[in-house]
Amino acid sequence: MKIFTIAILGLIFLSFTNFTKTPDPNSTLLDLFKKYDEYNLRTSPENATYQGDHRYDDQLSDYSEESNRSYYDTTRASQLI
């Protein structure tokens, strides 16, 4: 009976233990860099072509006031992460 009680208590303890894997800080930072680079390639297609990424060859950069405001708002928001 003691073994059964110990086994039940052990299972209860294990059910409250968090076995989720914590994210690796290096992979999180690398993911942030990749997203930032992809955003820069998308917003500056000429630079993307210069770097050898030809997905945006049919586009030109948008230098409008609205586009510039959107770019700065996005970069400010990414600094808060």
Any idea what angle helix 25-43 forms with the longest principal axis of the chain, computed on alpha-carbon atoms, 0 to 90 degrees, nearest 10?
20 degrees
When we measure straight from the Cα of residue 21, which lysines land under 26 angstrom away, once same-chain ones fewer than 8 places off are left out?
34, 35
For the stretch 22-79, what relative contact order do you get, as a whole percent, if you take Cα pairs closer than 8 Å and at least 6 residues apart?
21 percent
Relative to the longest principal axis of the chain, what angle (0 to 90°, nearest 10) does the C-alpha long axis of helix 2-16 take?
20 degrees
Of the listed values [x] 14.9; [y] 13.4; [z] 17.0, identify the label whose number matches Kirkwood radius over Cα pairs in Å calculated from this model.
[z]
How much length would be gained if the chain were fully extended between residue 55 and residue 4, taking 0.36 nm per residue of separation minus their Cα-Cα distance, in nm to one decimal?
12.0 nm
Here the FRET efficiency for residue 69 versus residue 26, based on Cβ atoms and R0 = 22 Å and rounded to 0.05, is 0.10
Diffing the stretch 56-62: the Karplus 3J(HN,Hα) column from phi (6.51, -1.76, 1.60, θ = phi - 60°), in whole Hz with x for Gly and Pro, holds 10, 5, 8, 10, 10, 5, 9
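Each value in this text was obtained by applying a stated rule to the coordinates, not by laboratory testing. Please read all numbers here as calculations on a predicted model, not as lab measurements. Ideal geometry is used to build each Cβ from the backbone, glycine not excepted, and the neighbour counts take in all protein chains shown.
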